[in-house]
């Protein structure tokens with residue numbers, strides 16, 4: 001006896017939601033350890049190969065790299081959480097395309113923007129309002145290639161979800177990584193930065 005149409009629709013929705021949650025994480029992962037990275041994680045490698053845009057002091061000695069997908073709501077939360085820390089570190093936001101076709105087009109549009117920080121603010125405001133984010137720009141093919149390379153680099157480094165944070169601890173100099181969003185105070189602690197006072 002065939003399944004009712006409603007049952008099939010519910011199964012498709014459940015599967016789609018499950019796949020979305022795997023790609024976009026909020027907070028530390030509770031999953032089994034991932035396979036060993038094909039390439040050792042290094043801020044020098046990310047600086048050399050990734051294409052992103054910087055937020056914060058250009059002269060800062062501290063650089064934090066954030067791989068994000070423009071369609072990821074947890075990346076939106078991290079964008080807001082990182083803002084109070086931009087006077088203490090330079091955050092380089094690196095767009096990837098994991099979630100849907102809009103991810104790559106919007107990431108390329110952000111890279112192509114004359115003021116990518118303002119474009120990101122506009123995009124994230126649209127995402128919070130649930131209106132889908134910024135419209136794709138024109139003449140962004142070369143930037144789509146950059147987003148594809150960023151996505152391949154994220155995978156080569158052994159990460160499987162976004163947002164992914166890579167930096168060095170301000171006090172110890174140790175490499176720190178985090179898959180998933182976190183509030184400002186927790187992000188400051190991860191990076192060894194001063195948490196802002198409320």
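Quick notes
- Filter pass, residue 98 being under 14 Å from residue 75 (Cβ atoms) and in contact with a strand residue (DSSP E or B) (Cβ under 9 Å, 6 or more places away or on another chain): yes
- Qualifying positions in region 139-157 - farther than 15 Å from residue 102 by Cα, assigned to a loop (DSSP other than H, G, I, E, B) and over 15 Å from the mean Cα position of the chain (by Cα): 139
- Entry remark, region 71-88: residues being in contact with a strand residue (DSSP E or B) (Cβ under 6 Å, 6 or more places away or on another chain) and surrounded by 24 or more Cβ atoms within 10 Å (Cβ to Cβ) number 4 in total.
- Residue in region 120-130 that is closer than 21 Å to residue 183 by Cβ and touching a strand residue (DSSP E or B) at 6+ places or on another chain (Cβ under 9 Å) present: yes
- Of all residues in region 64-80, those that are farther than 17 Å from residue 161 by Cβ and touching a helix residue (DSSP H, G or I) at 6+ places or on another chain (Cβ under 7 Å) total 1.
- Residue satisfying all of: in region 161-198; surrounded by 17 or more Cβ atoms within 10 Å (Cβ to Cβ) and assigned to a loop (DSSP other than H, G, I, E, B); nearest to the chain's Cα centre (by Cα) among these: 163
Each value in this text was obtained by applying a stated rule to the coordinates, not by laboratory testing. What you see is a predicted model, and the numbers here were worked out from it, not measured in a lab. Every residue, glycine among them, receives a Cβ derived from its backbone with ideal geometry; neighbour counts consider all protein chains shown.
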